[in-house]
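Read the structure below first, then the notes.
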Amino acid sequence: MVAKRIIPCLDVADGRVVKGVNFVGLRDAGDPVELACRYSAAGADELVFLDIAASHQGRGTLVELVQRTAEAVTIPFTVGGGISSVEGITALLRAGADKVSLNSSAVRDPELVARGAERFGCQCIVVAIDARARAGGGWDVYVKGGRENTGLDAVAWARQVVALGAGEILLTSMDGDGTQAGYALELTRAVADAVQVPVIASGGAGCIDHLAEALDPGPAGGHASAALLASLLHDGILSVEQIKTELLRRGLPIRPLASSC
Amino acid sequence: MIRLGLIDYGMGNLHSVQRAFERLGATVQPVQSGAEMEGCKALVLPGVGAFDPAMERLRQGGLAEAITAWCTAGRPLLGICLGLQLLFEASDEGEAAGLGLLKGRVRALPRRPGHPIPHMGWEPLVPANPSPLLPAGSAESWVYFVHSYAAEPSDPACNTALVRFADTAVSAAVWQGAIGACQFHPEKSGPHGEAILRRWLAWLAAL
């Protein structure tokens with residue numbers, strides 16, 4: 001079975017990491033490329049850069065950041081935030097990103113997913129879904145950082161974007177995000193079981209148990225292919241090494257650390 | 001210094017492949033025509049995306065003919081990902097004829113519950129017939145895959161590595177004559193991928 005992936009997510013704005021990262025011996029805690037190299041050497045399986053400024057002015061900086069990352073890092077990375085056209089996708093993939101992640105732009109213009117997949121292949125097109133539990137059951141898709149309810153059903157939306165050509169789903173539970181109370185297992189499982197493509201669980205990780213649950217293929221698990229992590233890693237609460245060692249010990253398929261350095 | 005011709009036909013992430021070889025000391029020259037291949041020691045055929053558009057682009061620019069001439073002259077080529085699939089005769093993914101430099105067909109991965117497609121992520125290679133990419137006794141290699149199709153060479157001896165998928169094993173890398181190819185992305189596979197590229201360059205240097 002393909003190894004479950006551990007994916008650090010770095011929020012960037014104007015070419016700098018936004019939240020501080022607690023890495024011993026970092027020369028520049030705000031340099032995304034140095035951090036990317038550190039996480040790669042530490043055993044991260046992939047990386048995600050999320051451009052949270054996504055201003056017009058910042059786009060050039062983002063492309064430059066992607067180029068520098070591609071020169072230095074030898075694992076795959078995804079770039080998301082503010083990508084709203086095939087031209088935008090093209091610029092980032094040409095600069096060296098392996099995948100782009102579309103979120104509100106996919107809601108506004110679902111055909112963008114199809115056009116991107118047709119041009120570059122579905123493996124390049126990740127659709128990020130921010131979901132929140134709906135009163136009475138099910139989950140709604142939110143955009144604008146969780147402020148606006150689109151009224152779309154998260155499971156149906158996941159099916160739709162996969163039918164359009166998305167090769168992966170990055171699923172964030174807005175209820176869990178920042179709580180460190182655990183991934184939204186029921187949501188993650190519902191989406192993972194509804195689509196053929198891999199699902200990355202995001203939002204709510206607080207400890208290794210939460211990761212194990214999200215990646216667990218059993219009836220109570222989240223059935224996710226990968227887990228996205230931010231503050232838990234950046235704040236130094238857990239290291240990639242600790243996570244992988246423990247998940248391996250629990251019998252999950254994990255790429256061994258020795259293959260990273 | 002080894003000069004590589006990196007085939008630039010508008011399908012995929014040339015940048016990462018180019019950087020990976022440059023880190024290992026090779027000179028990489030993007031090539032868009034047969035004439036530009038002159039002076040290169042070997043060709044690299046990368047590619048991500050779909051089979052038919054890729055073949056269409058290779059044929060439009062005359063690159064398909066030039067690659068075929070190159071390989072039938074026994075000169076070395078390394079295919080990566082879609083670049084591996086294009087070397088075969090045909091694919092489940094499309095209608096177009098492949099380059100046909102290797103006999104066999106590219107088939108869709110079997111759909112099984114609990115085994116997402118695309119097959120995306122890290123796997124250890126299962127060694128098959130030894131080759132310059134994976135000589136006998138090579139250490140275990142964990143490499144990064146992202147694909148929905150896999151080649152089925154007519155001659156299974158072409159397989160130099162397999163990868164487990166669902167309840168089966170599919171081709172992960174092939175070698176025949178001077179043609180080698182990886183279904184996985186060695187340029188995105190950390191130190192293990194780099195080791196595979198380094199072995200290929202060492203083999204080229206000794207030719």
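The values are calculated or read from the model by the stated rules, or taken from the named source; none is laboratory data. Source: prediction; values computed, not measured. In this analysis, Cβ positions are derived from the backbone assuming ideal geometry, glycine residues included, and neighbour counts consider all displayed protein chains. Heads up: the accessible areas ignore ligands, DNA and RNA and are worked out on the full protein's heavy atoms, side chains in. Shrake-Rupley method; radii C 1.70, N 1.55, O 1.52, S 1.80 Å.
In plain terms, if you count all Cα to Cα distances in the range B:1-134 and split them into 10 Å steps from zero, the share in each step is 11, 40, 36, 12, 1 percent. Size estimate for chain A follows the Kirkwood approach: the inverse of mean 1/r over distinct Cα pairs works out to 18.2 Å. Comparing B:Gln29, B:Gln85, B:Gln183 in a Gaussian network model of chain B (Cα springs below 10 Å), the most mobile by mean-square fluctuation is B:Gln29.
Based on Cα contacts under 8 Å between residues 6+ apart, chain A shows a relative contact order of 19 percent. Partners of A:Lys4 within straight-line reach, counting aspartates and glutamates whose Cα lies under 17 Å from its Cα and excluding those fewer than 8 residues away in the same chain: A:Asp45, A:Glu46, A:Glu168, A:Asp193, A:Asp209, A:Glu213, A:Asp216, A:Glu241, A:Glu246, B:Glu123. Okay, helix-only estimate at 222 nm for chain A: each DSSP H run of n ≥ 4 adds -39500 (n - 2.57), divide by all residues, round to 500 deg cm²/dmol; what do you get? Mean residue ellipticity at 222 nm (helix-derived): -10500 deg cm²/dmol. Counting Cβ atoms of other protein chains within 10 Å of each residue's Cβ and taking the mean over peptide A:192-200 gives 3.
The Stokes-Einstein estimate for the range B:118-207, based on a Kirkwood radius over Cα pairs and taken at 37 °C with 0.692 mPa s viscosity, is a diffusion coefficient of 251 µm²/s. Taking only the Cα atoms of the range B:1-73, the ratio Rg/Rh comes out at 0.96, with Rh defined as the Kirkwood radius. Counting only protein heavy atoms, what percent of the accessible surface of the protein assembly as shown is carbon or sulfur at a 1.4 Å probe? Ligands and nucleic acids excluded, carbon and sulfur give 51 percent. Taking the centroid of alpha carbons for each part, the range B:69-103 and the range B:1-21 are 17 Å apart.
For the pair B:Ala157 and B:Ser33, what calculated FRET efficiency results from E = 1/(1 + (r/R0)^6), where r is the Cβ-Cβ distance and R0 = 35 Å, to the nearest 0.05? Taking R0 as 35 Å, the efficiency between B:Ser33 and B:Ala157 is 0.55.
Within the range A:121-182, the trypsin sites (Lys or Arg not before Pro) that combine a DSSP coil assignment with at most 16 other C-beta atoms in a 10 angstrom radius are A:Arg134, A:Lys144, A:Arg147. Over the C-alpha trace of the range A:87-185, radius of gyration and Dmax come out as 13.9, 45 angstrom.
Springs join every pair of Cα atoms under 10 Å in this Gaussian network model of chain A, and among A:Leu233, A:Leu65, A:Leu248 the largest mean-square fluctuation is at A:Leu248. With all protein chains kept in place, the per residue accessible area of the range B:3-206 amounts to 36 square angstrom at a probe of 1.4 angstrom. Computed packing ranks the peptides B:190-199, B:66-75 as B:190-199, B:66-75, most packed first, by mean other Cβ atoms within 10 Å.
For the chain pair B and A, the interface hides roughly 2800 square angstrom of accessible area in total, found with a 1.4 Å probe.
Looking at chain A, the accessible area is 38 square angstrom per residue; that uses a 1.4 Å probe and ignores ligands, DNA and RNA. Computed across the range A:1-133, the Kirkwood radius stands at 15.2 Å (inverse of mean 1/r, all Cα pairs). For the range A:146-205, dividing the convex hull volume of the Cα atoms by the residue count gives 78 Å³ per residue. Convex hull volume of the C-alpha atoms in the protein assembly as shown, normalised per residue: 136 Å³.
The relative contact order of the range B:3-206 comes to 19 percent, based on Cα pairs under 8 Å that sit 6 or more residues apart.
Here, the range A:136-175 has an Rg and a Dmax of 10.5, 31 Å when only alpha carbons are counted. For the range A:137-238, the alpha-carbon radius of gyration amounts to 1.03 times the rule-of-thumb value 2.2 N^0.38 Å expected for a compact globular protein. Only DSSP H runs of four or more residues enter the estimate; each adds -39500 (n - 2.57), and after division by the residues of chain B the mean residue ellipticity at 222 nm equals -7000 deg cm²/dmol.
Using only alpha-carbon positions in the range A:188-243, the gyration tensor eigenvalues give semi-axes of 22, 11, 8 Å once each is multiplied by 5 and square-rooted (largest first). Of A:Phe77, A:Phe120, A:Phe49, the residue with the greatest mean-square motion in the GNM of chain A, using alpha carbon springs below 10 Å, is A:Phe120.
With R₀ fixed at 22 Å, the C-beta to C-beta distance from B:Arg111 to B:Ala169 puts the FRET efficiency at about 0.85. Annotation for B:Ala206 and B:Arg57: the two label points, set 7 Å from Cα along the Cα-Cβ direction, are 3.5 nm apart.
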